[in-house]
Amino acid sequence: MAVPFSLLQENGVSKAYHLVDGPSISNSREGRVLFVARPTLLNVARIVQQINNDSTLRISREYIVAFSPRLTSTVQQELEAEGLADVIDIRSVNFGFIPVDSDVLLLGHPNAAAECVLDADTSVTTEISLALADLESIVGSFRELKSKGPVSGSIISQFVRLQEEKGSSDSNSSSTRETNIHAVFSIDRHIDLITPMLTPLTYEGLVDEVMGIKNCMVTIESGGLQSQLLLQGPVTSNQPSSHQANGSSSNQFNIPLVSDDPLFAEIRNMHFSTVQTQVLTAKARALQQNVQKSSQLRDSNLTDLKTFVSTDLPVIINSKSSLENHITVTTAVHEAAQVPSFQKRLALEADILEGAPFKTYKDVIEDLIVQGCRLQHILRILCLLSAVKGGVKASRLDSLLKSLLHTYNYDSVFSLYNLEKAGLLLRTSDHGDLHSEPSPVYLDFAKSRLGGTSAGWSKVKDKLRLMGDVDPDSPTDITYIHAFAGYAPLSVRLLQAHLHLNGFKPADDVIFPPVVVSRTANARGQRHRSVVVVVFPGGVTYSEIAALRYLNQLEGCPHHFVVAATAIINGSTFISEFLDQ
């Protein structure tokens, strides 16, 4: 939820429900119900179910349905077919980008990549272009617009068309206002399919990988169940935990992970081992010293006591609470990360990126399958192999998939079909010819993908310096984020190369094409760094966010990067978009 529920209560909202299958509002007797939903047929079916259930129970209400970002013709036709178009109040509401942090804007659209590739539903391009238009109306005209990939190209084209239409009818155009936005870069998720498949080793990234961060909170199991997370996976929005299913959540508690917490703001982008072995220990010692100082106040005068109670004591209490929370989270993640399958996956990722022969890790993959490692984790490894090699030889892939289907049941064949159709898991002949038949949308992606073959990956890896050793405790490059493999997120390296940051020289054959559009805007003076908005249609990972924040902290960097994405994803949530439900 983007706002506290208390704010909704102040504006007349008495209860809030998730829109799910089943009669969730049947026990409520409110006379007016507002549904807020994305314009999908699944959501329409759920809304119809709720209304029909009320009708069966002879409950009379006023229904308002607000579709975000807009009502589509398909949804309108479905509502008419159900006979509800003239019964309910239908509206469109565009929330645009919602700031979840000072440098992260989200649309809250987690399935955008699958919708675009599998369903050929490119409505997300309109949604993002509208959100960019709203952003520009606030901050002033963007000076440059650049894209990498067909979806990003469509976003920029629609955005320019929207602004041209608006400019012709609005004399107070944002292009006449001062702006600090240097450029908007939009990068298709399919341009970099490698980064989402890897395991991030920053504190925030690993917490999300192991436990799942939802709505800036992480759920802790007080019963010591963290070691099961690597097998079962974190609870998703559509899969309630066993405690929730039984109506009890007494063994769970939520810990907020927000930048308002000074400790979290400090450690979120650090390497996990640094946080665990150095930072938290140092913070505990400092807190202990502060507590000892407070015990020496017994002989102080009233003025000193008043100052301590009003100034120092709240800081000590908040610091203690925050430190306890992060020690709890760190302990849980450390326990889960010690599972042998986790260590095997890290080693596999490194071997694949380094180009090790298939025979060196084939048995490891098969062992993980036999051990019942999470299906998403197995598929991530296979998709990583496909992305690096430009596909997996059919004989090798079929052998692995045979073991996979025996272990995870044959229903998984539909998920494998989706991954192949989406271009995430491709099979090739012994000569490298493509045997898979991905969707036409993916073929458009493939034209602008980097690498695409084993030789292509080697070229891109060397030219963009994607691999390198770095000390995670004193990082000098963004490769610390995936320190086990020494890998720098490809999407961020593209930006570095294009903007010539950190000694990168132009590499026009692998970075952004010529400027899609360049516009004249009244730039603010250079007293502040110019802002670069990086758009990730299809989702952004915590790895990429951490890498951009690292660049923001570099001395002499002329830009400040802000992320705008459809959602925050990791490899498992990204893969889950394409799995058959």
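The values are calculated or read from the model by the stated rules, or taken from the named source; none is laboratory data. The model shown is predicted, which means the values in this text are computed figures rather than measured ones. Ideal geometry is used to build each Cβ from the backbone, glycine not excepted, and the neighbour counts take in all protein chains shown. Just so you know, the surface numbers come from the protein's heavy atoms only, side chains and all, with ligands and any DNA or RNA stripped out. Shrake-Rupley method; radii C 1.70, N 1.55, O 1.52, S 1.80 Å.
Kindly indicate which of S68, S26, S55 is in contact with a Leu (Cβ under 7 Å, 6 or more places away or on another chain) and at pLDDT below 90.
S26
Can you find, within segment 54-109, the residue that is farthest from A133 (Cα to Cα) among those that are among the charged types (D, E, K, R) and within 25 Å of the chain's Cα centre (by Cα)?
Once the filter is applied, the top-ranked residue is D101.
So, in segment 462-502, exactly how many residues are touching a residue at least 40 places away in the same chain (Cβ under 8 Å) and outside any loop (DSSP other than H, G, I, E, B)?
Qualifying residue count, segment 462-502: 15.
Please determine, by comparing only the residues of segment 265-289 that are touching a Ser or Thr at 6+ places or on another chain (Cβ under 7 Å) and closer than 15 Å to E324 by Cα, which one is most open to solvent (accessible area, probe 1.4 Å).
The selected residue is Q276.
Based on what the data block shows, is L231 aliphatic (A, V, I, L, M), part of a helix (DSSP H, G or I) and either touching a Cys at 6+ places or on another chain (Cβ under 9 Å) or at pLDDT below 65 (or both)?
Values: aliphatic (A, V, I, L, M): yes; part of a helix (DSSP H, G or I): yes; either touching a Cys at 6+ places or on another chain (Cβ under 9 Å) or at pLDDT below 65 (or both): yes.
Yes: the conditions hold for L231.
Please indicate, with yes or no, whether at least one residue in segment 553-560 is open to solvent by 10 Å² or more (accessible area, probe 1.4 Å), under 24 Å from L257 (Cβ atoms) and out of contact with any strand residue (DSSP E or B) (no Cβ under 8 Å at 6 or more places or on another chain).
Initial filter on segment 553-560 (open to solvent by 10 Å² or more (accessible area, probe 1.4 Å)): 553-560.
Retained after the next criterion (residues that are under 24 Å from L257 (Cβ atoms)): 553, 560.
Among the residues that remain, those that are also out of contact with any strand residue (DSSP E or B) (no Cβ under 8 Å at 6 or more places or on another chain) are: 553.
Yes, segment 553-560 contains a residue that is open to solvent by 10 Å² or more (accessible area, probe 1.4 Å), under 24 Å from L257 (Cβ atoms) and out of contact with any strand residue (DSSP E or B) (no Cβ under 8 Å at 6 or more places or on another chain).
Which of the numbered conditions does T202 fail, given that it passes all the others? Conditions: (1) within 28 Å of P340 (Cα to Cα); (2) modelled with pLDDT under 90.
All conditions are met except number (2).
Can you pull out the residues in segment 347-375 that are open to solvent by 10 Å² or more (accessible area, probe 1.4 Å) and under 23 Å from the mean Cα position of the chain (by Cα)?
Selection gives E349, A350, R374, L375.
Within segment 101-115, can one find any residue that is open to solvent by less than 60 Å² (accessible area, probe 1.4 Å), out of contact with any Lys or Arg (no Cβ under 6 Å at 6 or more places or on another chain), over 28 Å from S137 (Cα atoms) and not basic (K, R)?
For segment 101-115, residues open to solvent by less than 60 Å² (accessible area, probe 1.4 Å), out of contact with any Lys or Arg (no Cβ under 6 Å at 6 or more places or on another chain), over 28 Å from S137 (Cα atoms) and not basic (K, R): present.
Take segment 352-390 and flag every residue that is in a helix (DSSP H, G or I), touching a Gly at 6+ places or on another chain (Cβ under 7 Å) and closer than 20 Å to P489 by Cα.
Restricting attention to segment 352-390, the residues satisfying the condition of being in a helix (DSSP H, G or I) are 352-354, 358-360, 362-370, 375-389.
Now restrict to residues that are touching a Gly at 6+ places or on another chain (Cβ under 7 Å): 376, 380.
R380, the sole residue that qualifies.
Residue under question is V48, and the condition is that it be closer than 24 Å to G22 by Cβ, open to solvent by less than 30 Å² (accessible area, probe 1.4 Å) and within 30 Å of the chain's Cα centre (by Cα); does it hold?
Judged against the criteria, V48 is not a match.
Output the residues belonging to segment 332-349 that are in a helix (DSSP H, G or I), farther than 11 Å from L385 by Cα and either touching a Cys at 6+ places or on another chain (Cβ under 7 Å) or in contact (Cβ under 8 Å) with a residue 24 or more places away in the chain (or both).
Across segment 332-349, the qualifying residues are A332, V333, H334, E335, A336, A337, S341, F342, K344, R345, L346, A347.
Can you name the residue in segment 56-79 that is over 17 Å from L19 (Cα atoms) and of a type in the set (S, T, N, Q) and, of all such residues, is surrounded by the most Cβ atoms within 10 Å (Cβ to Cβ)?
T72
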